[in-house]
Amino acid sequence: MNDRQSIFDAVYKEGSATTPENPEDVRPQHETQMPEGTLYLPVFYDTLKTLAQTVEVDYYLPGCPPEAERIWAAIEAIVAGKLPPRGSVLGLHTTVCDECKRTRHEKKIKKFYRTWQIIPDEETCLLEQGLLCCGIATRAGCGALCPAVNSPCIGCHGGNDGVEDYGARLQSAVASVIDSNDADEIERIIADGIPDPVGTFYRFSLAGSLLRRSKRD
Ligand code: SF4
């Protein structure tokens, strides 16, 4: 699924998992006339773009939402006239792992788990315990709040400096910790533990990735 038509077919076509009955093949419309007036839904575009692919962005403030400390630091930089060059990220320049208090050893993983499948211990790096924690590629500034409460980082601060493609960076990090040199076993470890690789690795960044659209498009 990579365009509006195929996504709508998967969701609204009669017999699909989410819409077992739709004999008139009703699809979302941007405008619908009702007795009370016109109802509007947001337009569902074929291609999702980043903000910077649409307008010139002055500065980025990471976070979902940005933490109060980051907002305050940005205000201080504005007031002091110490803003970095236009287009910069107003944030820290390290990774969530650098802020995380969990202990790290050499990572070797034979199996990945979904968050509901295990209760991790509260001291050891979550990635070492088989939970896909995105802290290794993610910009710091949150205080590693999620790993602190046994929840893997999902990458909402975006990539750290020098990370051109967040998902690729994460995949590379994950590939390096899988404890196998056997292609079939590696494939099985990923298929069993990471059932939605694109959604996992590019949760917040697919529109800005180097992948863009499929070759078909
Ligand atoms: Fe990094 Fe996550 Fe491990 Fe903490 S738990 S050290 S953020 S990979």
TODO: Select, from G63, G87, the only residue that is more than 16 Å from the ligand (Cβ to nearest atom), outside the structural domain of S176 (by TED's automatic domain parsing) and assigned to a loop (DSSP other than H, G, I, E, B).
DONE: G87
TODO: Just one of (1) surrounded by 11 or more Cβ atoms within 10 Å (Cβ to Cβ); (2) within 16 Å of the ligand (Cβ to nearest atom); (3) of a type in the set (D, E, K, R) trips up K101, so point out which.
DONE: (1)
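A quick yes/no check of all residues on (1) in contact (Cβ under 8 Å) with a residue 24 or more places away in the chain; (2) more than 30 Å from A140 (Cβ to Cβ):
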| position | (1), (2) |
| --- | --- |
| D9 | no, yes |
| K13 | no, yes |
| T18 | no, yes |
| V26 | no, yes |
| E36 | no, yes |
| Y45 | yes, yes |
| K49 | yes, no |
| Y60 | yes, no |
| A68 | no, no |
Open item on the list: Need a quick list: helices (runs of 4 or more DSSP H) entirely within segment 129-217 having at least 3 residues that are open to solvent by less than 50 Å² (accessible area, probe 1.4 Å).
Closed with: 166-177, 183-193, 197-201
- [ ] Any residue in segment 119-131 that's in the same structural domain as E106 (by TED's automatic domain parsing) and more than 16 Å from I178 (Cβ to Cβ): show its pairings with residues that are assigned to a strand (DSSP E or B) and near the ligand (Cβ under 10 Å from one of its atoms) at Cβ separation under 8 Å, as long as the two are six or more apart or on different chains.
- [x] P120/L131; E123/T103; T124/T103
Task: Residue under evaluation K111, criteria (1) open to solvent by 70 Å² or more (accessible area, probe 1.4 Å); (2) more than 9 Å from the ligand (Cβ to nearest atom); (3) modelled with pLDDT of 95 or more; (4) assigned by TED's automatic domain parsing to the domain that holds L170, criterion not met - done: (3)
TODO: For P84, work out the one condition from (1) open to solvent by 50 Å² or more (accessible area, probe 1.4 Å); (2) without any contact (Cβ under 8 Å) to a residue 60 or more places away in the chain it doesn't fulfil.
DONE: (1)
- [ ] Being of a type in the set (S, T, Y) and either buried (at least 20 other Cβ atoms within 10 Å of the Cβ) or near the ligand (Cβ under 9 Å from one of its atoms) (or both) is the filter here, so list the residues in segment 115-128 that pass it.
- [x] T124
Task: All positions within segment 1-24 that are assigned to a loop (DSSP other than H, G, I, E, B) and surrounded by 10 or more Cβ atoms within 10 Å (Cβ to Cβ) - done: M1, N2, D3, K13, E14, S16, T19, N22
Task: Scope segment 27-81; condition open to solvent by less than 70 Å² (accessible area, probe 1.4 Å), among the charged types (D, E, K, R) and modelled with pLDDT of 95 or more; matching residues - done: none
TODO: Would you tally the residues in segment 25-60 being outside any loop (DSSP other than H, G, I, E, B), closer than 27 Å to A207 by Cβ and either among the hydroxyl-bearing types (S, T, Y) or under 25 Å from the mean Cα position of the chain (by Cα) (or both)?
DONE: 5
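The values are calculated or read from the model by the stated rules, or taken from the named source; none is laboratory data. Note that the structure is predicted; figures quoted are calculated from it, not measured. As a convention, Cβ positions derive from the backbone with ideal geometry for all residues, glycine included, and neighbour counts pool all protein chains shown. Side chains are part of the model used for accessible areas, which takes the heavy atoms of the whole protein and leaves out ligands, DNA and RNA. Shrake-Rupley method; radii C 1.70, N 1.55, O 1.52, S 1.80 Å.
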